[in-house]
Amino acid sequence: MEEKEEYGYVKDGKVFLKGYLGNADRQIGEVKRTEQEAIDYFKNRFTIAQSKVETLKKDIEEAQNKGSYLTKLTQLRRKLIGFDAIGDFVPLLEKLDKAEDYLTGLILVNQAKNLEIKRALIEDAKTAAAIEDWPAATDAVQEVKDKWIRTGPVDNEFQEDVDAQFQAVLDDFFHRRREHFAEQSKIVQAKVDEYEKIIKKVKQLSWSKDLDESYKQAREIRKEWNALGELPPKKFFKINKAYRHFFKLFYDKYNESKGIQPENREDPRIGQQRKLLVEAEDALKNDNIVTAAEKAKVLLSKWKEIRIPYRQSDRELNDRFRSTCDKIFELSYLARVISRKYPAFELKSEEEQLRAQIREMEWLVSREKSDLDMATLDVERSLTGDEDQDKRLRGRLNIQKRKVAMKDKILREFQRKLERLER
């Protein structure tokens, strides 16, 4: 028995789609109950094919990056040709053909524009690479590189050529930069060697039997030290520490031999910083944490106004002040979280309050450690070998590390308090 429709039919208990566009008739299913029900089922399925075509057409019309839909269109055409349904597939495929012609035309136009843009970017890269200031040149080259990455592909005929030209400019720039910083490292190391020679002279001062002569030599050594010029702060800190240490040993020995009681002369700016530290520590102990946070902002601003050269700064004092302010800010943030999540927090027992604080701080620590891991990977991928730029990247990462460390410290303090209450 055979049941026929315009686009499909049933024969010997099987459902067929009539051939179109040179394709032979194709079996698409079997009769489960009645032939009409089978026909109706596959006719209804045709609406799915129509919907998919209309949806893709609408998406293309609304999309900004229309060219990205060409692959989806190709995939949909392949699915339609093998789709099990009864209906007129020819108009649907014609719509896809028309959309493909439209997208192909757009892609050709865009590829031409992209080629023009990339050729201009190659010239921009050459200009940036020629900048004499290496940090500025690196920033400019990186900016051009970012634009290059954001620019779409060009025709295959030109792709390899423009990529090779652009990469050649980058390779030349980064090769010259590596050579420059390698030479700078040699210069710095040579200066470090000169500093270390002076430190050996300072060591020998304390061994001399003629302390008066050594005292005269000390003045000349100081002049020699100051004439050497600057070093990167991290390298200078360690060297300067040894220099000051051995000079102190000599002057202590000299003063003792002369019966001199040295005066403790502290830079008045260091004294100002000590006062700010006392105020910060007092705010942390005695003030409402929200008030303390406002006060800490003011103290930080005052601290920054006290400009002390790196060589003369008190590193321990700096660390204590920064740590105190960090703790105030982290506790203030936690207080805002607590007030939002626990409206009746003040009515809870001390033990309940600690448990809530521990719970929230554990979540904050976990979240920020995860963020820190991601940031660490980003920084490692972004390091360029440019000392100044890499220093800025690591500086921002160190701020994150410091915040996580402070949250972790506060969490441990809460946990110890809770343990004491539970004993």
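The values are calculated or read from the model by the stated rules, or taken from the named source; none is laboratory data. What you see is a predicted model, and the numbers here were worked out from it, not measured in a lab. Here Cβ is always computed from backbone atoms with ideal geometry, including for glycine, and neighbour counts include all displayed protein chains. Ligands, DNA and RNA are excluded from the accessible area calculation, which covers all protein heavy atoms including side chains. Shrake-Rupley method; radii C 1.70, N 1.55, O 1.52, S 1.80 Å.
Observations, loosely collected:
- Here's the list of aspartates and glutamates a cross-link from Lys235 could span, going by alpha-carbon distance under 20 Å and ignoring same-chain residues fewer than 8 apart: Glu183, Asp193, Glu194, Glu196, Glu224, Asp314, Glu316, Asp319, Asp386, Glu387, Asp388, Asp390.
- For the chain, the longest principal axis of the alpha carbon atoms and the long axis of helix 35-62 meet at an angle near 40°.
- For the peptides 8-19, 128-139, residues were scored by their other Cβ atoms within 10 Å and the scores averaged per peptide; the highest-first order is 8-19, 128-139.
- Converting the Cα gyration tensor eigenvalues of the chain into ellipsoid dimensions via √(5λ) gives semi-axes, longest first, of 73, 37, 17 Å.
- Percentage of interatomic Cα-Cα distances in segment 208-324 larger than 20 Å: 59
- Using alpha-carbon coordinates, inclination of helix 268-286 to the longest axis of the chain, degrees: 60
- Note on segment 201-271: the alpha carbon radius of gyration divided by the globular reference 2.2 N^0.38 Å gives 1.23.
- Judged by the gyration tensor of its Cα atoms, with axes a ≥ b ≥ c, segment 91-216 is prolate; a/c meets the 1.5 cut and a/b is the larger of a/b and b/c.
- Cα coordinate range in segment 1-102, projected on the principal axes (Å, largest first): 52, 25, 17
- Cα-based reach from Lys417 at 29 Å (exclusive), listing lysines while leaving out same-chain residues under 8 positions away: Lys285, Lys295, Lys297, Lys327, Lys341, Lys348, Lys369, Lys401, Lys403, Lys407, Lys409
- Across segment 75-89, coupling constants 3J(HN,Hα) worked out from phi with the 6.51/-1.76/1.60 Karplus curve, θ = phi - 60°, read 5, 5, 4, 4, 5, 4, 4, x, 6, 8, 6, 10, x, 8, 7 Hz, and Gly and Pro carry x.
- Between helix 156-205 and the chain there is an angle of about 20 degrees, using the helix long axis and the longest principal axis of the Cα atoms.
- Distances between placed amide hydrogens fall under 5 Å for Val15 paired with Ile28, Gly29, Glu30, Val31, all partners being 5 or more residues away or on another chain.
- When the helices of the chain are scored as -39500 (n - 2.57) per DSSP H run of n ≥ 4 and the total is divided over every residue, the value at 222 nm lands at -27500 deg cm²/dmol.
- For Asp25, nonlocal amide neighbours, meaning residues 5 or more places apart or on other chains whose placed amide H falls under 5 Å from its own, are Gly19.
- Surface composition of the chain: carbon plus sulfur atoms hold 50% of the accessible area, using a 1.4 angstrom probe and ignoring ligands, DNA and RNA.
- 10 Å binning of all Cα-Cα separations within segment 53-164, expressed as whole percents from 0 upward: 12, 31, 23, 17, 11, 5, 1, 0
- Placed amide H near Gly8: partners under 5 Å, 5+ positions off or other chain: Lys18
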